[in-house]
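**Q** Have a look at the structure that comes next, please.
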Amino acid sequence: MQSHYNTIKTKLISLPSWQDKYREIMLLGKTLPLLPNALKVDNAKVNGCESNVWLYLSLDETETTLLVVSDSDTRIVKGLIALIVNCFNGLTPAQALEVNISEEFEQMGLLKHLSPSRGNGIKAIVAMIQQYCENY
């Protein structure tokens with residue numbers, strides 16, 4: 001996993017309360033680049049998310065590591081997406097297939113605070129990323 005992601009993960013693990021974690025996730029969402037409205041199209045939407053989530057996947061110029069770009073119209077979801085983007089960006093497709101996002105979120109103390117629909121949305125996003133990686 002990427003060192004930036006590990007820094008974020010360590011910080012979230014160290015925060016004592018859900019309110020502190022929530023605040024940090026919201027701040028993390030602000031770090032995502034804004035996706036232009038022209039890219040917020042139906043064929044980029046993630047099915048299975050209660051909120052609108054748009055996801056773009058590709059490999060870097062060397063075609064060895066993953067590039068994930070995503071956005072949402074909901075602030076908390078945008079923060080959760082930022083976690084996912086930081087987790088997967090820079091991994092090889094093989095490494096990305098090894099990621100267990102449920103385990104990652106559990107280690108950070110997030111899973112028990114997410115609604116079932118939000119948890120399903122996260123699984124849908126990661127499933128799309130891993131499905132993309134299976135083709136490489």
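**Q** Filter segment 47-68 down to residues that are within 16 Å of Ala127 (Cβ to Cβ) and modelled with pLDDT of 95 or more and give me whichever is surrounded by the most Cβ atoms within 10 Å (Cβ to Cβ).
**A** The residue in question is Val53.
**Q** Here is a follow-up. Show me the helices (runs of 4 or more DSSP H) found entirely inside segment 67-121 where at least 2 residues are closer than 17 Å to Lys45 by Cα.
**A** In segment 67-121, the matching helices (runs of 4 or more DSSP H) lie at 75-88.
**Q** Here is a check on your reading of the model: is Arg23 assigned to a helix (DSSP H, G or I) and under 22 Å from Thr7 (Cβ atoms)?
**A** For Arg23, the condition - assigned to a helix (DSSP H, G or I) and under 22 Å from Thr7 (Cβ atoms) - is met.
**Q** Report, by residue number, each residue of segment 1-20 that is assigned to a helix (DSSP H, G or I), aliphatic (A, V, I, L, M) and more than 16 Å from Ile84 (Cβ to Cβ).
**A** Ile13 - this is the single residue of segment 1-20 that is assigned to a helix (DSSP H, G or I), aliphatic (A, V, I, L, M) and more than 16 Å from Ile84 (Cβ to Cβ).
**Q** So, in segment 1-25, of the ones that are among the hydrophobic types (A, V, I, L, M, F, W, C) and under 27 Å from Leu97 (Cα atoms), which residue ends up surrounded by the most Cβ atoms within 10 Å (Cβ to Cβ)?
**A** Step by step, filter segment 1-25, then rank; the result is Ile25.
**Q** Same structure again: Six or more apart or on different chains, Cβ atoms under 8 Å: show the pairs whose first residue is in segment 115-130 and open to solvent by less than 50 Å² (accessible area, probe 1.4 Å) and whose second is among the charged types (D, E, K, R).
**A** Ser117/Glu50; Gly121/Glu50
**Q** If we scan segment 26-38, do we find a residue that is without any contact (Cβ under 8 Å) to a residue 40 or more places away in the chain, among the polar types (S, T, N, Q) and either out of contact with any Gly (no Cβ under 7 Å at 6 or more places or on another chain) or under 20 Å from Val126 (Cα atoms) (or both)?
**A** Looking for residues that are without any contact (Cβ under 8 Å) to a residue 40 or more places away in the chain, among the polar types (S, T, N, Q) and either out of contact with any Gly (no Cβ under 7 Å at 6 or more places or on another chain) or under 20 Å from Val126 (Cα atoms) (or both), one finds at least one in segment 26-38, hence yes.
**Q** Name the residue, out of Glu106, Glu98, that is of a type in the set (D, E, K, R) and either over 19 Å from Leu28 (Cβ atoms) or touching a residue at least 60 places away in the same chain (Cβ under 8 Å) (or both).
**A** Glu98
**Q** Another question, if that's okay. Mind listing whichever residues of segment 69-88 are surrounded by fewer than 24 Cβ atoms within 10 Å (Cβ to Cβ), among the polar types (S, T, N, Q) and either without any contact (Cβ under 8 Å) to a residue 12 or more places away in the chain or within 16 Å of Asn52 (Cα to Cα) (or both)?
**A** Thr74
**Q** Any residue in segment 39-53 that is farther than 17 Å from Gln131 by Cα, part of a helix (DSSP H, G or I), under 15 Å from the mean Cα position of the chain (by Cα) and charged (D, E, K, R)?
**A** no
The values are calculated or read from the model by the stated rules, or taken from the named source; none is laboratory data. Quantities reported herein were computed from a predicted structural model and do not represent experimental measurements. Every residue, glycine among them, receives a Cβ derived from its backbone with ideal geometry; neighbour counts consider all protein chains shown. Quick note on the areas: whole protein, heavy atoms, side chains included, nothing else; ligands and nucleic acids left out. Shrake-Rupley method; radii C 1.70, N 1.55, O 1.52, S 1.80 Å.
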